[in-house]
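S.K.: The structure's right below; bear with me while I get my questions together.
Laboratory data are not the source of any read-out in this text; all were calculated from the coordinates shown. For clarity, every value in this text was computed on a predicted model and none was experimentally measured. All Cβ positions, glycine included, derive from the backbone under ideal geometry; neighbour counts span all protein chains shown.
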Amino acid sequence: MTKMEVPFFRPFIGEEEISEVEDCLRNGWLTTGAKARRFEADFADFVGGDAEAIAVNSATAGLHLALEASGIGPGDEVIVPDYTFTATAEVVRYLGAHPVFVDIQYETLNIDPSCIEAAITSRTRAIMPVHFAGLACDMIAIEAIAEKHGLKIIEDAAHALPCSSAGRSIGSFASPAAVFSFYANKTITTGEGGMILTSDPKMADRMRKMRLHGFDRNAFDRFKTGNWNYDVVAPGYKYNLTDIAAALGLHQLKRAEFFRQERTRISERYFEGLADLPLDLPARAVDGDVHSWHLFIVRTNADCRLTRDELFEALRQSGITCSVHYTPLHRFSYWRDTYDLKGQDFPNAERAGQNAISLPVFVGMKDAQINYVIETLRELIS
Ligand SMILES: *Cc1c(COP(=O)(O)O)cnc(C)c1O
């Protein structure tokens, strides 16, 4: 085989995005304004249901705002999966609360509802499910647990545009909040950015204020009405999304369904081409539900002659860049030492963390590149 370069990811940016950013630069309104507002409205429409959308400058900021507006504070406990990006847990610490880490299901890589139940104490206030790789968590089970124990659900939907659970799209749930990410390599991108969806008007009001310094009225409205006056009702944050970023988001969102179809097509090729290899392939969404295929994660199994790290390196030498999602949080020094975490308490996360490798999936990936990834894997481990 001739060697080929295959990056892990490349964003797809079209002429429409470029023109809209140019319009923003020429019209002179750079920070949060009309484009951000339109992006919010379009996003709420895209997700469906009656949740409203609040644009922020990252999903991390959005998760922080959602927990703050949920009243999470010092000493409270919030249940998070051990197998996630560190942002899911770090925002809990921002508020002086404590993440309580629970194991995942090996098959789906999603939080295990039975582990949630076992972790609940009198101090538990919220659960943060992560729809891992774009496969929705079992929201019916998680909602039942939340209702029984009076807990809030803050969904980390960073991978979840679009995805659905039991026929309902993620973001449209009646949960206090679901938070999407537009980081550079997420399913749509604004460079940096995020969107909070909530169907609770009180939550929405608090998050809008806390997004911008705790002002009761934002700069765009003051500018439009010509009334300069405002009050500060809380020591808020600086988490608003710029119009420059929203300009990208407006057109990325229009492509979101096309992007999903492309990622699905690439994933189906991987399923076909890798079926007989010593790899555990990712779980599919149940019939009728949508998987975003943000990530295509395979796991080396006991029959594989290479370890994950050996396979990663061999692929790299063949020109194929992969990634690892993720190192389980119990393996990072801060989380391990602060909460005295032990690998044996998270057997599925531990196993996934040692064997997982994310293959390249991006819009614009050429057939020859997909074939090359498949053939290289076959040569290395079949
Ligand atoms: C990317 C990501 C985040 C953070 O998103 P940002 O927009 O970069 O803040 C949070 N959780 C998960 C699971 C992610 O993958």
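S.K.: So if I place +1 on the C-beta of Lys and Arg and -1 on the C-beta of Asp and Glu, and nothing else carries charge, what would the dipole magnitude of the chain be about its Cα centre? I want it in debye, nearest 20.
M.R.: Approximately 780 debye in magnitude.
S.K.: Sticking with this structure for a sec: Sort Arg255, Arg222 so that the residue with the fewest other Cβ atoms within 10 Å of its own Cβ comes first and the one with the most comes last.
M.R.: Arg222, Arg255
S.K.: Still on this structure: Restricting to the chain, compute how many DSSP beta bridges are antiparallel as a %, nearest 5.
M.R.: Restricted to the chain, the bridges split so that about 60 percent are antiparallel.
S.K.: Sorted by average packing, counted as other Cβ atoms within 10 angstrom per residue and highest first, what order do 359-368, 95-104, 62-71 take?
M.R.: With the highest mean Cβ count within 10 Å placed first, the list reads 62-71, 95-104, 359-368.
S.K.: Continuing with this model, one more query. Per-residue HN-Hα couplings for the range 286-297, Karplus 6.51 cos²θ - 1.76 cosθ + 1.60 at θ = phi - 60°, whole Hz, x for Gly and Pro?
M.R.: 5, 3, x, 9, 9, 9, 6, 6, 4, 10, 10, 9
S.K.: May I pose another question? Ratio of the range 57-116's C-alpha Rg to 2.2 N^0.38 Å, to two decimals?
M.R.: 1.14
S.K.: Tell me, in nm to one decimal, what length is gained between Asp45 and Thr307 on full extension, where the rule is 0.36 nm per residue of separation less the Cα-Cα distance?
M.R.: Between Asp45 and Thr307, full extension yields an extra 89.9 nm.
S.K.: In which sequence would Thr376, Thr31, Thr198, Thr225 go, from the one with the fewest C-beta neighbours within 10 Å to the one with the most?
M.R.: Thr225, Thr31, Thr376, Thr198
S.K.: Another question, if that's okay. Among Phe8, Asn355, Ile111, pick out the residue whose Cα is farthest towards the positive end of the charge dipole of the chain, where Lys and Arg carry +1 and Asp and Glu carry -1 on C-beta, about the Cα centre.
M.R.: Farthest along the dipole direction, towards plus: Phe8.
S.K.: Around Ser165, which amide H atoms from residues at least 5 apart in sequence, or from another chain, sit under 5 Å from its own amide H, with H modelled in the peptide plane?
M.R.: Ile170
S.K.: To test your reading of the geometry: what angle, between 0 and 90 degrees and rounded to tens, separates the Cα axis of helix 139-149 from the longest principal axis of the chain?
M.R.: Value to nearest ten degrees: 50.
S.K.: Which trypsin sites (Lys or Arg not before Pro) in the range 282-355 sit in a loop by DSSP (not H, G, I, E or B) and have at most 16 other Cβ atoms within 10 Å of their own Cβ?
M.R.: Sparse-neighbourhood loop trypsin sites (Lys or Arg not before Pro): Arg284, Arg305, Lys342.
S.K.: So, one more: Among Ile111, Ile153, Ile244, whose mean-square fluctuation peaks in a Gaussian network model of the chain (Cα, cutoff 10 Å)?
M.R.: Looking only at Ile111, Ile153, Ile244, the largest GNM fluctuation is found for Ile244.
S.K.: In vacuum, with every alpha carbon of the range 131-242 counted as one equal point scatterer, what does the Debye formula give for log10 I(q)/I(0) at q = 0.14, 0.18 Å⁻¹? Two decimals, please.
M.R.: Taking Cα atoms of the range 131-242 as identical point scatterers yields -0.69, -0.97.
S.K.: Which residue fluctuates most in the GNM of the chain (Cα springs below 10 Å): Gly288, Gly226, Gly191?
M.R.: Gly226
S.K.: What's the exposure ranking of Ser122, Ser172, Ser292, going from fewest to most Cβ atoms within 10 Å?
M.R.: Ascending number of Cβ neighbours within 10 Å: Ser122, Ser172, Ser292.
S.K.: Please state the charge dipole magnitude for the range 17-121, taken about the Cα centre, from unit charges on C-beta atoms (+1 on K and R, -1 on D and E), reported in debye and rounded to the nearest 20.
M.R.: The calculation lands at about 440 debye.
S.K.: May I ask for the angle, rounded to the nearest 10°, between helix 256-274 and the longest principal axis of the chain, with both axes built from Cα atoms and the value confined to 0 to 90°?
M.R.: Between the helix axis and the principal axis of the chain, the angle is about 20 degrees.
S.K.: Can you list the HN-Hα couplings for the range 103-110, worked out from phi with the Karplus curve (6.51, -1.76, 1.60; θ = phi - 60°), rounded to whole Hz and with x for Gly and Pro?
M.R.: Karplus values, whole Hz, x for Gly and Pro: 6, 10, 8, 4, 4, 8, 6, 9.
S.K.: Can you list the lysines whose alpha carbon is less than 27 Å from that of Lys202, not counting same-chain residues fewer than 8 positions off?
M.R.: Filter leaves Lys35, Lys148, Lys152, Lys224, Lys238.
S.K.: Only Cα pairs within less than 10 Å get springs; with that Gaussian network setup on the chain, which residue of Ile196, Ile297, Ile145 has the largest fluctuation?
M.R.: Ile145
S.K.: If I fit a long axis through the Cα atoms of helix 243-254 and take the longest principal axis of the Cα atoms of the chain, what angle between them do I get, 0 to 90°, rounded to 10?
M.R.: 50
S.K.: Hey, another quick one. Can you list residues from other chains, or at least 5 along the same chain, whose modelled amide H is less than 5 Å from the amide H of Val102?
M.R.: Long-range HN contacts for Val102: Val80, Asp82.
S.K.: Given 37 °C and 0.692 mPa s, compute D for the chain with the Stokes-Einstein relation, Rh being the Kirkwood radius over Cα pairs; round to the nearest whole µm²/s.
M.R.: Stokes-Einstein gives a translational diffusion coefficient of 152 µm²/s.
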